[in-house]
Amino acid sequence: MKLQQGGLAMFKYAAMVGVLMLVMAAGPVQAFFSFFSGGYQYISAEELNKRLLAGDEMVLLDICPADEFAEGHIPGSIETNAYPTQNEAERARLNKGLTALQAGSEDIIIICPGGGGGARRTVDYYESRGIDKKRMLILEDGLRKWPYEKVPRS
């Protein structure tokens, strides 16, 4: 009986140490993934859909080209047609509502066709205009992989 109690105590101790190690590793793990994402934050389609259904306050900023936006977009998205945000004319389209974005505090969800370079350049542009990078999230895999309802331009 004493041997069983000792084994149980050792198991509890090992489990507690394991949980503690996981908790302590959470920061470095997040930093590791942040390093490989270039410091950009992403939001999955599933998580964004949950937030939309919950009515969370956020700005949906769609940078897709006009023809793709017309084919379908996430309801409530602001159309900018700034993609691929590689030159001054395209970046200038991101100024639509810039003052309101700068004054706000809600998350800004950047929606681009594939969730790649255009979205990252948008984050960089807004950051250069004083918007906190922590507020901006990129839709992972972009609008082309959005599995939920899209609405055509109204």
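The values are calculated or read from the model by the stated rules, or taken from the named source; none is laboratory data. Since this is a predicted model, take the numbers as computed values, not measurements. Every residue, glycine among them, receives a Cβ derived from its backbone with ideal geometry; neighbour counts consider all protein chains shown. Remember, those area values only see protein heavy atoms, side chains included, never the ligands or the DNA or RNA. Shrake-Rupley method; radii C 1.70, N 1.55, O 1.52, S 1.80 Å.
The table below gives the values:
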item	result
Burial order of peptide ranges 73-83, 122-132 (average beta-carbon count within 10 Å, highest first)	73-83, 122-132
Virtual spin-label span in nm between ARG144 and ALA92, 7 Å along Cα→Cβ	2.8
Nitroxide proxy distance, nm - points 7 Å out along Cα→Cβ at GLU57 and LYS133	2.5
LEU52 accessible area, 1.4 Å probe, all protein chains in place, Å² to nearest 10	60
Spherically averaged projected area in nm², based on the convex hull that wraps the Cα atoms of the range 33-131	6.6
Full-stretch length increase - ASP67, GLU47 - with 0.36 nm per residue and alpha-carbon distance subtracted	4.6 nm
